[in-house]
1. How far is it, in nm, from the label point at Glu94 to the one at Asp189 when both lie 7 Å from their Cα along the line to the Cβ?
2. I'd like the carbon and sulfur percentage of the solvent accessible area for the stretch 76-179, probe radius 1.4 Å, heavy atoms only, ligands and nucleic acids excluded.
3. Counting Lys and Arg as +1 and Asp and Glu as -1, what is the net charge of the other residues whose Cβ lies under 13 Å from the Cβ of Val41?
4. Just want to confirm a number: the relative contact order over the stretch 57-202, from Cα pairs under 8 angstrom separated by 6+ residues, in percent.
5. With r as the distance between the Cβ atoms of Lys179 and Thr126 and R0 = 30 Å, compute the FRET efficiency 1/(1 + (r/R0)^6) and round to 0.05.
6. How much length is gained on full extension from Tyr172 to Arg151, taking 0.36 nm per residue of separation minus their Cα-Cα distance?
7. Indicate the gyration tensor shape class of the stretch 102-154 (rounded, prolate or oblate), computed on the Cα atoms with a ≥ b ≥ c the square roots of the eigenvalues: a/c under 1.5 is rounded; otherwise a/b larger than b/c is prolate and the rest oblate.
8. Compute the signed sum of charges (Lys and Arg +1, Asp and Glu -1) over the other residues within less than 12 Å, Cβ to Cβ, of Gly146.
Amino acid sequence: MSRKWKVVAFAGLAVLLLSSVAMIVALPKTKNNKDMDLNQVYTYSKNVDKTIAPSYIKFKDNVHFVAILGLNNPEESFGDGEPYYYNYLEGTYERNKDKIILNGDFKQYVLKFPTINAWDKKKYETIGVLSRNEIQEEYRTSFQRGKIEKRNGEWQFQWRTKNNTESGGYNYGWVNLIKSNKKISSSIDDLLKEYIKNGDEE
């Protein structure tokens, strides 16, 4: 092969290599499968502790999350002659590799529905607001506390319940987080757009 054709061949190979590199750079990056999906709602099985309804959590970004705590069936509360309390949580978290620590500040909004008719019509009676400091550590449940870790290739939540057989003791366990189709409003302002406070209707 003549010197001229060697130069042409080398130039062509160089162009091909550069084009390949450019295509690789331009392709969308494969999502790290170790990450939790942002804005995806997660929950866990009710079979973890049948006395406590599962909660739901959504990570809005790398710092903030929202959650619904212990979403029991409203009919169960009304059937016992009690009002129904809808608990919505806005909180912050810390991330360290494959560990998520739910130890940041939070605000818990508690909407009270006095009757099943009010619940059906999305009319709440009152709304209370609790901060992390207003809830003693021993009474923090579900996504008010705890951690989420990647264990055996699965994201798991460490749940805790009181141990009634020991004074001040707890039961701990790990449960897989699973994706849910449930919707969670991204802020309390968005949530309240879906409801009416009794007495505010025109």
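1. 2.9
2. Here it works out to 42 percent.
3. Taking every Cβ under 13 Å from that of Val41, the sum is +4.
4. Answer for the stretch 57-202 is 20 percent.
5. Calculated value: 0.35.
6. 6.0 nm
7. Oblate.
8. Surrounding charge for Gly146 is +3.
The values are calculated or read from the model by the stated rules, or taken from the named source; none is laboratory data. In this text, all values refer to a predicted model and were calculated from it rather than measured experimentally. Ideal geometry is used to build each Cβ from the backbone, glycine not excepted, and the neighbour counts take in all protein chains shown. We work out accessible area using only protein heavy atoms, side chains counted, and drop any ligands, DNA or RNA first. Shrake-Rupley method; radii C 1.70, N 1.55, O 1.52, S 1.80 Å.
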